[in-house]
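The values are calculated or read from the model by the stated rules, or taken from the named source; none is laboratory data. Since the model is a prediction, treat every value here as computed from it, not as a measurement. When we count neighbours, we look across all protein chains shown, and the Cβ atoms used for this are built from the backbone with ideal geometry, even at glycine.
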Amino acid sequence: MTDTSVIEKPRSQWADVWSQFKTHKGAVAALTVFVLLILFVTIGPFIWTVDPSYINPNGAEMIRTRNKPPSWQFPLGTDQLGRDMLARMMKGGQVSIAVGMVAMLISIFLGTLVGVTAGYFKRLDGPLMRLTDLFLALPLLPLLLVMVMLFRDPLARAMGPESGTFLLIVFAIGVTSWMQAARIVRGEVLALKEREFVLAARSIGTPSRRMILRHILPNVVSPIMVSATLGIASAIITESALSFLGLGFPPDFPTWGRLLFDGVDYIQQYPERVIWPGVAISLTVLSVNYIGDGLRDALDPRIRGR
Amino acid sequence: MLTFTIRRLLLAIPTLLFISLVIFLLVDFAPGSPMSQIPLTVPPEVRLKIIEAMGANEPIFVRYLLWLKQFFYVEPLVLIDSIFGSSYSQGMQRIVSWQSRSPVMDIIVERMPQTLTVVGSAYVIGVIIAVPIGIYSAYRQYSWFDQLGTFIAMIGFSVPTFFTGVVLILVFSVNLGWFPSIYNTSLKVTDWDSFMLQVKQMAMPVAVLALYNASQISRYMRSSMLDNLAQDYVRTARAKGMSERVVVLKHVLRNSLIPVVTVIALGIPTIFGGAIITEQVFKVNGLGALLINAIQGSDLPMVQTLTFIFAVLIVMFNLIADVLYGMLDPRIRYD
Amino acid sequence: MKLKTALLGAAATLAFAPAAFAERGADGNVKVLYSQAVSIMNAYLSSGTKDVEVGSLVLEPLAGFDQDGNVIPRLVTEIPSVENGGISEDLTTITWKITPGLVWSDGTPFTSADAVFSYQYCTDPAGGCAQAARYEGIEKVEAIDELTVKITWTAPKPNPFTAFVGGTSPILQAAQFANCLGAAAPTCTEQNFKPIGTGPFMVTDFKVNDVVELAANPNYRDPAKPAFATMTVKGGGDAAGAARAVMETGEFDYAWNTQINPELQVQMEKGGKGQFVSAFGTLVERIEMNLTNPSPDLPEGERSTAAHPHPFLSDLRVRKALSMAIDRALLVEVGYGNAGQPTCNLVPAPATFASPNTDCIAQDMDGAKALLDEAGWTVGANGIREKDGKPLKILYQTSVNAVRQDFQALIKGWWNELGVDVELKSIDGGVYFGGDPGSPDTFQKFYADVEMYANNFDGTDPEPYLAQYLCDKAPSPANGWQGENVNRFCDPAYDALVAELAATRDMDKRGEIAIRLNEMLTKDSYVIVPLVHRGRLSAHSTTLGGVVLNTWDSELWNASDWFRIK
């Protein structure tokens, strides 16, 4: 790729990664889409300043403006109570993207930590995997109900209702979804541990910490990436299930998952109601997936060299 | 490997006992009570009587020990009786659901067939679709096939089943009238016509679930294949002049199966757990619907028994996965 | 065999006279869909509406209620009254005369002993009978002879139509349930799933929480009924799915409780495959005001108890203003359509007990604002009213339900307009209605300022319902947070009037007192703010005839009269 006849300034590894990433068309497109989505939900509300939970207190007006198809006044239409869908999509996206990303990070972090530790240190394998079995076996709904019962009020008092709920939700989703990643990472590590380069590294006395960070982790990146992409999707959907159970945000607080869920009731009359949140969730997941693909290729020195 | 398996099996007993205790405490501690199923028109004193008759107000350890006895002693005896026609379990109290006042095990056995046919076949179909797609997508990375596969998989994963289920019903039941929207659990397959009816009523729930499962598995298959295709041994094999088919399907595939085996081993127990939302949308009334109903009604004996069976399966299949790792990659040793 | 003969006979008749549908079993199979599946057929062991209603296809009471709430005979020759001597002059006894010649579906004769047994079954202290309230105040039930049952009450009973009347107190066959008394009740799985009854159908197959297969009872008292040879009652799913199966795909003939949004109702009816039917009972969606302080700053055990009155809801003017800001007609239009009516009453029916009060129907935002101004709540900096530096902030909770969440959002909008800050909260139904004293989120604990739910009363007599609002019925830590006086309403005049109602026998006088009590809770004090009188909405296919929706008894009360329109 670089012309060897000209001596260039030595480049940092991250610049290399970035230049490799740029060659991945899908990843660049996905990054653009993702940045646009982020801008839509963060900057959007400053441009489109309609209150997402505003309902016209005048009954007759409310009836007149409910269930409107997209128009100049309401670019994405209105819902069954005359609330502006565009504003709701923006507000909902803030929460959904934040919940999806943070919960995914928590679950991936926990999953990788448990998986690598269990796979690498034989003595910890048994206890950690039994712990994983326990978490897999626990019925999700009662677990969430208990967590909410115990932590909602203290958190809400300490951090305010919204950030308290946010923390509770991402924590609840993260803590209940790391097991699959842990099992997968462990399986990979078990196999990696016996590979020649690991044996070689070990034979020159590399300490465990360095072994894991330099040799093991980079080689389990791909399954982690897949788990991460799938994790975002399931976190966004789980959040909607939580609010449906009354365990999430206050009921008038829109999120993409909730908009989708509410829209299903109106799918025959106003299909756009499910299309907007459905497309938004799918776009987020698709773009994260492609960014993940691009990153993986860019981080892999074998591919980067090509 | 054999000693490892035996050791793990023995170790599974205390693990499962501990899991059962944790589940019991959790379900009991969770807010909600069987009273939520009683209409508000029933006066409070009558409600208390009902709860007393269920035995729900006994101390928790009494109920836990009773459940242990019923699960590990009475229920096996009932099974023996039903096989050999003996009467060891005569007069013993079985695990009884609070909602329907009937033995929990009988209901579970009753629900098995529809759960296994619908959720089970959806899983099998999902795996059958996902593995070849994953392999070919990785082999032809970034081809139109791969891109399409990625797209469908991501849609399949990010659009929840409560949505796909309703869309399928609207298209195929309401508009086209091809398939029934409600699963008939009393249908018995005796001849070709009833078989076709069965296939028809399975089509939509199976499609919804298979799409979801296939999306997930194909992603893991693809990524794992990609990792391995870039390895040195692949280059060596090709350099030796092996055919592409042998290189891909024998060497690469075998080495790529570890994460896929993990995912499938985690997935099989969930077949027995049923598919809560899909079952509800199509009224399959399998084990998933049973569990969610029981949780909503705080039917502790039912939740406890179902979750415990689920836990046994999880422990079993994770053990099987560990054994399979050793077979796929003989370098993996547990001893 | 009889069934087969009947079928053959029906087929033969049909060949000659196509119009002759009044033949047992002539119309084949009828499919009914319950969005909540049936768990048991014995109404004494489950109070779930779905169980009681499907059970009523098999097990019958001596008398039932018709669609207008009148008592009608089922297994008896006539309805006892003071005039015909069936009820004693002092109202302490009632004597039922069983129709001669009645047999159970197994062919054995139906006698007064079965009724006496049913009473014993439900009143056994170890049985946990769900319908024990139907038999309250009974001194004894005797079999005078084979066909005469006499109930003696401990005190004069103005409304004696509780025991053995309506789907919630059916007669069990003594022979079948003999070994199922008391603690043994739950162990009788076979009996509870396949009871022998006198109703038009009998169970042939029972799958718990899934499907019940029934066949016409060969020994049913009317030889021409039921018109259907078999019935399938499938359960599961949700209201929208159930409505769709009848109205759009036509897979089912009847769907129970198809509460869906009004627009979807209209669209589904356009399909022409079926129609919705609605009927109004006593179900009222209401907002309950907390008269005690639910502040989380109070120590546990004192929160939401009579020890601390509510900082602002204890002021009548605030409660009234909140009620005035609500546009009930709009709520009905958005949430229920034809299956709801705006109401100001806690007791909306029957006519004798319903107050004519309609003061609250018209929304009066300006009046509400003026009232709050008068109460000393002035609009503060950010549009939120305040008094003595404290903002007017309300926590408004309800259970998870699409319509309730829409109501919450709408009402929040109106209250915001008033200058009230509103925080919404929705709670999973299992927790909210679960009454678990360990959970902070039950409707009885009421750790919120206002809450919304629906409630009704069983049968046609509102006395026990109104008696729930006595001072000592308030949930508190002392009684394990039980009771339905969730407002912690306490008015000695109200308690006295309830006592007077219990002692009054004259029907018109009872009506007057009940209306007074109702108004004390609603119009006078705004402790309870009724919103919508909710009807029952069910759907049936256009080919199913004879459906009459009844909210006073089992919805399937006249399934024996159903027939196929050809």
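Can you find even one residue in region B:247-258 that is touching a Phe, Trp or Tyr at 6+ places or on another chain (Cβ under 6 Å), without any contact (Cβ under 8 Å) to a residue 60 or more places away in the chain, assigned to a helix (DSSP H, G or I) and surrounded by 15 or more Cβ atoms within 10 Å (Cβ to Cβ)? No - not one qualifying residue is present in region B:247-258. Evaluating C:Asp472 against the criteria (1) over 22 Å from the mean Cα position of the chain (by Cα); (2) among the acidic types (Asp, Glu); (3) under 30 Å from C:Val332 (Cβ atoms) leaves one unmet condition, (3). I'd like to know if region C:113-122 contains one or more residues that are farther than 21 Å from B:Gln37 by Cα, in a loop (DSSP other than H, G, I, E, B) and touching a residue at least 12 places away in the same chain (Cβ under 8 Å). No, there is no match, as no residue in region C:113-122 is farther than 21 Å from B:Gln37 by Cα, in a loop (DSSP other than H, G, I, E, B) and touching a residue at least 12 places away in the same chain (Cβ under 8 Å).
For the condition assigned to a helix (DSSP H, G or I) and more than 8 Å from chain A (Cβ to nearest Cβ), what is the one hit in B:Ile268, B:Ile314, B:Ile295? Answer to the selection: B:Ile268. C:Thr198 passes every criterion in (1) within 13 Å of chain B (Cβ to nearest Cβ); (2) under 30 Å from C:Leu75 (Cβ atoms); (3) among the β-branched types (Val, Ile, Thr) apart from (1).
Scanning region C:311-336 for residues that are without any contact (Cβ under 8 Å) to a residue 60 or more places away in the chain and surrounded by fewer than 22 Cβ atoms within 10 Å (Cβ to Cβ), we see that the one that is nearest to the chain's Cα centre (by Cα) is C:Ala329.
Do the conditions hold for C:Asp524, that is, is it surrounded by fewer than 20 Cβ atoms within 10 Å (Cβ to Cβ) and not in a loop (DSSP other than H, G, I, E, B)? Considered against the rule, which asks whether it is surrounded by fewer than 20 Cβ atoms within 10 Å (Cβ to Cβ) and not in a loop (DSSP other than H, G, I, E, B), C:Asp524 comes out as no. Within region A:131-148, the residues that satisfy the criterion of being assigned to a helix (DSSP H, G or I), more than 16 Å from B:Gln296 (Cβ to Cβ) and facing another protein chain (nearest Cβ under 7 Å) are A:Asp133, A:Leu134, A:Leu136, A:Ala137.
Among the residues of region A:225-237, is any more than 9 Å from chain B (Cβ to nearest Cβ) and either at pLDDT 90 or above or over 18 Å from A:Phe109 (Cα atoms) (or both)?
Residues of region A:225-237 more than 9 Å from chain B (Cβ to nearest Cβ): A:228, A:231, A:235.
Narrowing the set further to residues that are either at pLDDT 90 or above or over 18 Å from A:Phe109 (Cα atoms) (or both) leaves none.
The answer is no; no qualifying residue exists.
The residue of region C:380-420 that is surrounded by the fewest Cβ atoms within 10 Å (Cβ to Cβ), among those that are assigned to a strand (DSSP E or B) and more than 34 Å from the chain's Cα centre (by Cα), is C:Lys390. Taken over region C:271-299, the criterion of being within 11 Å of another protein chain (Cβ to nearest Cβ), surrounded by fewer than 15 Cβ atoms within 10 Å (Cβ to Cβ) and closer than 23 Å to C:Glu484 by Cα is satisfied by C:Pro296 alone.
Evaluate the following for B:Gln70: is it modelled with pLDDT under 85 and within 14 Å of another protein chain (Cβ to nearest Cβ)?
Working: modelled with pLDDT under 85: no; within 14 Å of another protein chain (Cβ to nearest Cβ): yes.
Considered against the rule, which asks whether it is modelled with pLDDT under 85 and within 14 Å of another protein chain (Cβ to nearest Cβ), B:Gln70 comes out as no.
Do the conditions hold for C:Gly236, that is, is it at the interface with chain B (Cβ under 10 Å from one of its Cβ atoms) and on the phi > 0 side of the Ramachandran plot? Steps first, answer last, please.
On the way: at the interface with chain B (Cβ under 10 Å from one of its Cβ atoms): yes; on the phi > 0 side of the Ramachandran plot: yes.
So C:Gly236 passes the test.
Within region B:35-45, the set of residues being over 18 Å from C:Pro462 (Cα atoms) and of a type in the set (A, V, I, L, M, F, W, C) comprises B:Met35, B:Ile38. When B:Met204 is tested against (1) within 10 Å of another protein chain (Cβ to nearest Cβ); (2) in contact with a Leu (Cβ under 6 Å, 6 or more places away or on another chain), only condition (1) is not met.
Examine region C:214-232 for a residue that is facing chain B (nearest Cβ under 7 Å) and either over 30 Å from C:Val76 (Cβ atoms) or touching an Asp or Glu at 6+ places or on another chain (Cβ under 9 Å) (or both), and state whether such a residue exists. Talk me through it step by step, then tell me what you get.
Residues of region C:214-232 facing chain B (nearest Cβ under 7 Å): none.
No, every residue in region C:214-232 fails to be facing chain B (nearest Cβ under 7 Å) and either over 30 Å from C:Val76 (Cβ atoms) or touching an Asp or Glu at 6+ places or on another chain (Cβ under 9 Å) (or both).
Among the listed residues C:Val379, C:Val347, C:Val318, C:Val400, identify the single one that is β-branched (Val, Ile, Thr) and within 12 Å of chain A (Cβ to nearest Cβ). Walk me through it before giving the result.
Details: C:Val379 fails: within 12 Å of chain A (Cβ to nearest Cβ); C:Val347 fails: within 12 Å of chain A (Cβ to nearest Cβ); C:Val318 fails: within 12 Å of chain A (Cβ to nearest Cβ).
On inspection, the qualifying residue turns out to be C:Val400.
To keep it simple, each residue is scored yes or no on (1) within 27 Å of C:Val233 (Cβ to Cβ); (2) among the aliphatic types (A, V, I, L, M).
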{"position": "B:Phe157", "(1), (2)": "no, no"}
{"position": "B:Thr161", "(1), (2)": "yes, no"}
{"position": "B:Val166", "(1), (2)": "yes, yes"}
{"position": "B:Leu170", "(1), (2)": "yes, yes"}
{"position": "B:Thr185", "(1), (2)": "yes, no"}
{"position": "B:Asp193", "(1), (2)": "yes, no"}
{"position": "B:Gln201", "(1), (2)": "yes, no"}
{"position": "B:Leu211", "(1), (2)": "no, yes"}
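When B:Ala237, B:Ala230 are checked against the criterion of being at pLDDT below 85 and more than 14 Å from chain C (Cβ to nearest Cβ), a single residue qualifies: B:Ala230.
Hey, can you tell me all the residues within region B:5-27 that are within 14 Å of chain C (Cβ to nearest Cβ) and surrounded by 21 or more Cβ atoms within 10 Å (Cβ to Cβ)? Walk me through it before giving the result.
Pass one, region B:5-27, residues within 14 Å of chain C (Cβ to nearest Cβ): B:25-27.
Matches in region B:5-27: B:Val27 only.
Quick one: is C:Thr168 hydroxyl-bearing (Ser, Thr, Tyr), touching a Lys or Arg at 6+ places or on another chain (Cβ under 9 Å) and at pLDDT 90 or above? Full working, then the answer.
On the way: hydroxyl-bearing (Ser, Thr, Tyr): yes; touching a Lys or Arg at 6+ places or on another chain (Cβ under 9 Å): yes; at pLDDT 90 or above: no.
So C:Thr168 fails the test.
Would you call A:Val189 among the hydrophobic types (A, V, I, L, M, F, W, C), surrounded by fewer than 19 Cβ atoms within 10 Å (Cβ to Cβ) and closer than 30 Å to A:Val220 by Cα? No, not satisfied.
The set of residues from region C:432-467 being part of a helix (DSSP H, G or I) and either crowded, with 21+ Cβ neighbours inside 10 Å or more than 24 Å from the chain's Cα centre (by Cα) (or both) comprises C:Tyr432, C:Tyr465, C:Leu466. Here the condition is being more than 11 Å from chain B (Cβ to nearest Cβ) and under 16 Å from A:Glu272 (Cβ atoms); of A:Lys68, A:Lys91, it holds for A:Lys68 alone.
Taken together, the residues in region B:94-150 that are farther than 29 Å from B:Glu75 by Cα and within 14 Å of chain C (Cβ to nearest Cβ) amount to 0.
Is at least one residue of region B:28-45 within 14 Å of chain C (Cβ to nearest Cβ), in a helix (DSSP H, G or I), farther than 17 Å from B:Leu313 by Cα and of a type in the set (Val, Ile, Thr)? No, region B:28-45 contains no residue that is within 14 Å of chain C (Cβ to nearest Cβ), in a helix (DSSP H, G or I), farther than 17 Å from B:Leu313 by Cα and of a type in the set (Val, Ile, Thr).
Within region B:151-177, if we keep just the residues that are without any contact (Cβ under 8 Å) to a residue 24 or more places away in the chain and not aliphatic (A, V, I, L, M), the residue that is nearest to the other protein chains (Cβ to nearest Cβ) turns out to be B:Ser158.
Which one of C:Gly197, C:Gly272 is farther than 22 Å from B:Glu110 by Cβ and modelled with pLDDT of 90 or more?
Details: C:Gly272 fails: modelled with pLDDT of 90 or more.
None of the others qualify; the one that does is C:Gly197.
Entry remark, region B:46-63: residues being surrounded by fewer than 17 Cβ atoms within 10 Å (Cβ to Cβ) and under 16 Å from B:Phe29 (Cα atoms) number 6 in total. Among the residues of region C:334-360, how many are at pLDDT below 90 and closer than 23 Å to C:Asn416 by Cβ? Result for region C:334-360: 3.
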